[in-house]
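Taken together, the values in this text are just the output of simple stated rules run on the coordinates, not laboratory data. In this text, all values refer to a predicted model and were calculated from it rather than measured experimentally. All Cβ positions, even for glycine, are placed from backbone atoms using ideal geometry, and neighbour counts span all protein chains on display.
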Amino acid sequence: MLHYDGSTWSEVSELARDGDMYFKIWGSSASDIWTVSEKGFAVHYDGSTWTAVDSGAGTRLITVTGRAADDVYAVGGVTSSVLLHYDGSDWQPIDVDLSGGLMGVWAGPDQQLFVTGFSGIMALSDGEQWTPLPFVTPDCLHATWGDGNGVILGGGGNLVSASGGDGVIVGTGDIAGGPVTGL
């Protein structure tokens with residue numbers, strides 16, 4: 001991982017440990033940043049120090065995002081879905097019965113939680129129940145984003161193909177130029 005201080009890039013040496021790989025990063029401020037790792041750690045930056053926190057996942061975590069410092073989500077898993085929530089004190093698992101690992105999560109302010117993953121997994125949660133969305137692609141959806149106004153996109157492709165495969169974007173909602181279709 002690299003850090004830009006406004007004039008130069010430098011390696012974040014605190015994260016170079018035990019051959020762990022770090023994936024996506026999210027923060028609510030310059031003194032509240034999270035990243036997640038292949039070994040299942042959630043790593044927090046408080047403005048001066050990176051600290052590895054055992055998330056309890058026991059498996060690879062791929063994406064972290066949140067709504068606030070006390071409302072953070074991480075997803076991962078390989079053969080089964082892992083979804084965690086951080087409430088400002090501890091990481092806790094959230095029961096989500098989806099087949100395959102999760103790779104993307106989006107949690108916009110006052111919005112439903114949206115997850116994506118292997119084999120085109122897409123699902124929304126209203127905080128009480130999960131609603132799987134219609135299948136539209138067999139490809140892995142490893143990133144997701146929403147605009148807070150009804151547009152939610154998932155992106156990915158075939159990550160295991162020797163040829164690299166094609167990319168795919170799926171979504172729902174109205175964007176400039178017309179509606180996004182596919183869900």
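Using C-alpha pairs below 8 Å separated by at least 6 residues, the relative contact order for the stretch 2-180 is 10 percent. Here the 3J(HN,Hα) profile of the stretch 46-51, calculated from phi with Karplus coefficients 6.51, -1.76 and 1.60 at θ = phi - 60°, is 9, x, 9, 9, 8, 10 Hz, Gly and Pro shown as x. For Ala69 and Ile25, the difference between the fully extended length at 0.36 nm per residue and the C-alpha to C-alpha distance is 14.5 nm. Convex hull volume of the C-alpha atoms in the stretch 86-127, normalised per residue: 84 Å³. In terms of surrounding Cβ atoms within a 10 Å radius of their Cβ, Arg67, Arg60 rank from fewest to most as Arg67, Arg60. Specify whether the C-alpha gyration tensor of the stretch 1-42 places it in the rounded, prolate or oblate class, a ≥ b ≥ c being the square roots of the eigenvalues: rounded for a/c under 1.5, otherwise prolate if a/b is larger than b/c and oblate if not. Oblate, since a/c reaches 1.5 and b/c is not below a/b. Couplings for the stretch 118-129, taken from phi via the Karplus curve 6.51 cos²θ - 1.76 cosθ + 1.60 with θ = phi - 60°, read 4, 6, x, 4, 9, 8, 10, 10, 8, x, 10, 9 Hz in order; Gly and Pro are left as x.
Comparing Leu84, Ser29, Cys140 along the charge dipole axis of the chain, the residue lying farthest to the positive side is Cys140, per the Cβ-charge model. Which FRET efficiency value, to the nearest 0.05, do you get for Ser10 and Glu38 by plugging their Cβ-Cβ distance into 1/(1 + (r/R0)^6) with R0 = 30 Å? Plugging the Cβ-Cβ distance into 1/(1 + (r/R0)^6) gives 0.85. Charging the Cβ of each Asp and Glu at -1 and of each Lys and Arg at +1, and nothing else, the dipole of the chain about its Cα centre rounds to 480 debye. Panel note: the C-alpha atoms of the chain, placed on their principal axes, show extents of 43, 40, 36 Å (largest first). Which of rounded, prolate, oblate describes the stretch 74-152, given a ≥ b ≥ c as roots of the alpha-carbon gyration tensor eigenvalues and a/c under 1.5 marking rounded, otherwise prolate only if a/b is larger than b/c? Verdict is oblate for the stretch 74-152.
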